[in-house]
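Engineer: Following this message is one structure expressed as C-alpha cells.
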Amino acid sequence: MKNVFSVIKRPIITEKGLDKKEDESTLCFEVNVHANKREVKEAVEKLFKVKVASVNTSNFYGKQRRRGRYSGFKPDWKKAYVKLKAGEKMIEYAENV
Amino acid sequence: MKADVVHTSGCQRALTIEVEPDSLKPDYSAVCSKYQRQARVPGFRRGKTPMSLILQRFKSEIREDFLESAVQKYLLEALKAEKLEPLAHPHVRDLSFGEGEPLRFTAEFEVLPELHLRGYRGLEIERIPVEVREEEVDATMKAMQERMTQYVPVIGRSVQAGDVAVISYAGKPSDPAKKTIEAKDIYCEVGSDNTLPEFNENLLGANAGDERSFTVKYATDFPNKELAGIEVEYDIEVQDIRQKHVPELNDEFAKDAGQYGSLEELRKRIREDIAASKQQTAQSDMQEKLVEMIIQNNPFDVPAVMVQKQTENRVNDYARTLLARGVHPKTLDIDWTEFHERQKTLAVTDVKVALVLEHIAERESITVTDEEIDADIAKRAEQTHQAFEAVKSRLTREGATDRIRDRIRNKKSLELLLSLAAVKDPQGIIVQS
C-alpha cells in the first residue's frame, strides 16, 4: 500500500474506543480490508508521528441488506486497535469532529 | 446583572442588560447536561457520550438554546426590577455572548404612557338641546303607514294608474354578450316616477294574464351600470293586478299599530321614543366632546402597537360588515392602503379615548361587578332568544367577558365625566355643576 490515507480510513469513536484510549493508550481505526498489521503500524507512525507498540485487527463481514426483491451485502471492513508505545503523546483525533 | 433603561421616544423603551459570565455558568452547564442526557450519538449509549464530544457536536444548538432561555430569564428579571410592563413581546437586538464573556443585549418594547390627567372635573360644556319637531313625528307615522300598506287583489278590470301590477319578465339586451334578465313576482307601481315610462305606458290598460313586448332604451347615466346605455327587449306577463290600500291615520290605525287607545296616544308614544333616542345621542355626543377636551388638554403619546392592533380591528370589522351584507371586500373599488391610513388616524383617537377612560376609572376607583356583567349578558341573551347560561358559557370561553367588563367600565367613566362636568345651556348659564 502506497498511501497512508488508503490504509487508514477513519477513526472509530465509540464508548469502547474512548475507554481503550484512556486506559490502554490504544487507538481504534477502520482500515482498508487488504491492509495487514504491518502496513497499519507504518501508516499510523507516519501519519501521527508516534511510535506504535502493537496492532490487533479484526475482520467484519458486510451485513445482508434488502431493497424489495433485491438483496445484497454491505461492504466487508476491517478494524484495527493500535497500541502506542509507553510514553507516547496521545493523539486527539476527535478535535474537529 | 446590570440593566439600563433608555426612553427612546414616546412610549418606546430600550432596556440594555448585561450579565456577568459567572452568574451565567450554572444555566449554561444545565443546558449542556440536558444535551448530554438526551443526545443520540452513534457509538455511544444515550447519556454516556462524553461532555467534550457533546460540546463539539452541539455547540451552536447549545448556544441557541441557552440564549433563548437566558435572555427570557434576565429580561423578565430586569422588567420586574424596573417595574416595566411591555405591551407586546420585546424585540431583542445587539445580542452578544461568548465563552467567558458577559451576556449583553438590548430589548426594545413599548409601554403604556404615564397619564397625569388634569382638569377632567368641572369641564364646561354646552348642553345639546333635545327637541322633537312635529315633522319628525309625521315622518315616522308615514313610514308606519307605508309598512302597513296592503296590496288588495283587483278582479274584473284592467290596470289603472296608481295600481300595482305583479309581473314576470324576460329582458333580452341588444348586446348579445350580455345575459338575459329574468324575474318573477315583481311589484310594479304603474304611473309612479320610480317605474320606467315604457313600463307605465305598456302596463296601463292591461288585464291579468296579458303579455306585452316592448323595447327600453336605458339612459347612459342609468344607476345600474349593467344596463346603462343599452337597449333591452322586454317580454312581460301581467300575473296579477293589485290595488294599494293605504290605511288611514285614525284611532283604528293606532290600534292596529300596537294596542294604542287613540291616534293621539300613538303620536305621544312616537314623540317620546324620538325624544329618548335624541336624548341618548345628545348624551353620548356630550360625553364624546368631554373626552376630546381632556385629550386636547393633556397631550400624550400612544403606543404604536396598540394603534396597529386597533387599526387592524377597524379594518377587520369593516370587512366583516361588508361580508355580512353579502359583499366581498375584494370586489369593492377601494384603495386599501389609503383606507388603512385613514383608519389609522381614527385608531389613534380610539386608543387615546380608551386610555383616558381607563385612567379615569382607575383614579375614581370605578369597578364593574360580576352582577353587572351578568345583567349585560342576560340582556344579550334575551335579544338573541338564547338561554342565559348558554350565552354566558360561550362568552366566557371566547374570553369576551373582559371586553364586556371594559365596555361597562367605559360607560360608567363617561357617565361620571358628564356628571362631573359643568353643563351650560345655549345662553351660557350653568344648569348643572
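The values are calculated or read from the model by the stated rules, or taken from the named source; none is laboratory data. Treat the numbers as computed from the prediction; the structure is a model and nothing was measured. Positions of Cβ are backbone-derived with ideal geometry, glycine not excepted, and every protein chain shown enters the neighbour counts. Ligands, DNA and RNA are excluded from the accessible area calculation, which covers all protein heavy atoms including side chains. Shrake-Rupley method; radii C 1.70, N 1.55, O 1.52, S 1.80 Å.
Engineer: What helices (runs of 4 or more DSSP H) completely inside region B:1-107 contain at least 2 residues that are within 14 Å of chain A (Cβ to nearest Cβ) and in contact with a helix residue (DSSP H, G or I) (Cβ under 7 Å, 6 or more places away or on another chain)?
Structural biologist: B:51-57
Engineer: Whether any residue in region B:324-346 is among the aliphatic types (A, V, I, L, M), modelled with pLDDT of 85 or more and within 24 Å of B:Glu114 (Cα to Cα) is what I want to check.
Structural biologist: Scanning region B:324-346, I find at least one residue that is among the aliphatic types (A, V, I, L, M), modelled with pLDDT of 85 or more and within 24 Å of B:Glu114 (Cα to Cα), so the answer is yes.
Engineer: How many residues, within region B:285-307, are in contact (Cβ under 8 Å) with a residue 24 or more places away in the chain and assigned to a helix (DSSP H, G or I)?
Structural biologist: Residues in region B:285-307 being in contact (Cβ under 8 Å) with a residue 24 or more places away in the chain and assigned to a helix (DSSP H, G or I): 14 in total.
Engineer: Next up: On the basis of being over 31 Å from the mean Cα position of the chain (by Cα) and open to solvent by less than 20 Å² (accessible area, probe 1.4 Å), does B:Ala70 make the cut?
Structural biologist: When the stated conditions are applied, B:Ala70 passes them.
Engineer: Same structure again: I'm trying to understand the selection: among the residues of region B:72-85, which are without any contact (Cβ under 8 Å) to a residue 60 or more places away in the chain and either among the hydrophobic types (A, V, I, L, M, F, W, C) or within 12 Å of B:Phe109 (Cβ to Cβ) (or both)?
Structural biologist: Those that are without any contact (Cβ under 8 Å) to a residue 60 or more places away in the chain and either among the hydrophobic types (A, V, I, L, M, F, W, C) or within 12 Å of B:Phe109 (Cβ to Cβ) (or both): B:Leu76, B:Glu85.
Engineer: Out of all the residues in region B:129-157, which are among the acidic types (Asp, Glu) and either loosely packed, with under 12 Cβ neighbours inside 10 Å or farther than 21 Å from B:Tyr260 by Cα (or both)?
Structural biologist: Result: B:Glu131, B:Glu134, B:Glu135, B:Glu146.
Engineer: Can you pull out every residue in region B:158-169 that is assigned to a strand (DSSP E or B) and open to solvent by less than 30 Å² (accessible area, probe 1.4 Å)?
Structural biologist: Answer for region B:158-169, where residues must be assigned to a strand (DSSP E or B) and open to solvent by less than 30 Å² (accessible area, probe 1.4 Å): B:Asp163, B:Val164, B:Ala165, B:Val166, B:Ile167, B:Ser168.
Engineer: For residues that are over 17 Å from B:Gly162 (Cβ atoms) and among the acidic types (Asp, Glu), scanning just region B:197-225, find the one that is surrounded by the fewest Cβ atoms within 10 Å (Cβ to Cβ).
Structural biologist: In this case the residue turns out to be B:Asp221.
Engineer: Collect the residues in region B:308-351 that are open to solvent by less than 60 Å² (accessible area, probe 1.4 Å), farther than 24 Å from B:Val291 by Cα, among the aliphatic types (A, V, I, L, M) and part of a helix (DSSP H, G or I), keeping them in residue-number order.
Structural biologist: Of everything in region B:308-351, those that are open to solvent by less than 60 Å² (accessible area, probe 1.4 Å), farther than 24 Å from B:Val291 by Cα, among the aliphatic types (A, V, I, L, M) and part of a helix (DSSP H, G or I) turn out to be B:Ala319, B:Leu322.
Engineer: Exactly one condition in (1) in a helix (DSSP H, G or I); (2) in contact with a helix residue (DSSP H, G or I) (Cβ under 6 Å, 6 or more places away or on another chain) is not met by B:Glu362; state its number.
Structural biologist: Checking B:Glu362 against (1) in a helix (DSSP H, G or I); (2) in contact with a helix residue (DSSP H, G or I) (Cβ under 6 Å, 6 or more places away or on another chain), the one that fails is (2).
Engineer: Given the criteria of a type in the set (A, V, I, L, M, F, W, C) and open to solvent by 90 Å² or more (accessible area, probe 1.4 Å), does B:Ile429 qualify?
Structural biologist: Yes; evaluated as a whole, the condition is true for this residue.
Engineer: Still on this structure: Filter region A:7-23 down to the residues that are away from chain B (no Cβ under 13 Å), in a helix (DSSP H, G or I) and at pLDDT 90 or above and list them by number.
Structural biologist: Within region A:7-23, A:Val7 is the sole residue that qualifies.
Engineer: Return yes or no: is B:Asn202 within 20 Å of B:Cys188 (Cβ to Cβ), touching a residue at least 24 places away in the same chain (Cβ under 8 Å) and assigned to a helix (DSSP H, G or I)?
Structural biologist: Answer is yes for this residue.
Engineer: With the condition kept exactly as written, say whether any residue in region B:356-373 is in the same structural domain as B:Gln296 (by TED's automatic domain parsing), open to solvent by 50 Å² or more (accessible area, probe 1.4 Å) and farther than 22 Å from B:Leu417 by Cβ.
Structural biologist: Checked region B:356-373: at least one residue is in the same structural domain as B:Gln296 (by TED's automatic domain parsing), open to solvent by 50 Å² or more (accessible area, probe 1.4 Å) and farther than 22 Å from B:Leu417 by Cβ.
Engineer: Hey, among the residues in region B:374-408 that are of a type in the set (S, T, N, Q) and part of a helix (DSSP H, G or I), which one's most open to solvent (accessible area, probe 1.4 Å)?
Structural biologist: Of everything passing the filter in region B:374-408, B:Gln383 is most open to solvent (accessible area, probe 1.4 Å).
Engineer: Scan region A:39-97 residue by residue and report those that are within 14 Å of another protein chain (Cβ to nearest Cβ) and either in a strand (DSSP E or B) or touching a helix residue (DSSP H, G or I) at 6+ places or on another chain (Cβ under 9 Å) (or both).
Structural biologist: A:Lys79, A:Met90, A:Tyr93, A:Ala94, A:Glu95, A:Asn96, A:Val97
Engineer: Still on this structure, I have one more. Limited to region B:23-49, what total is found for residues that are in contact with a Phe, Trp or Tyr (Cβ under 8 Å, 6 or more places away or on another chain) and open to solvent by 40 Å² or more (accessible area, probe 1.4 Å)?
Structural biologist: The qualifying residues number 3.
Engineer: Do you know which residues across region B:121-145 are under 16 Å from B:Lys244 (Cβ atoms) and touching a residue at least 24 places away in the same chain (Cβ under 8 Å)?
Structural biologist: B:Met144, B:Gln145
Engineer: Now, a different point. Do we have B:Pro86 as open to solvent by less than 90 Å² (accessible area, probe 1.4 Å) and in contact with a Lys or Arg (Cβ under 9 Å, 6 or more places away or on another chain) here?
Structural biologist: yes
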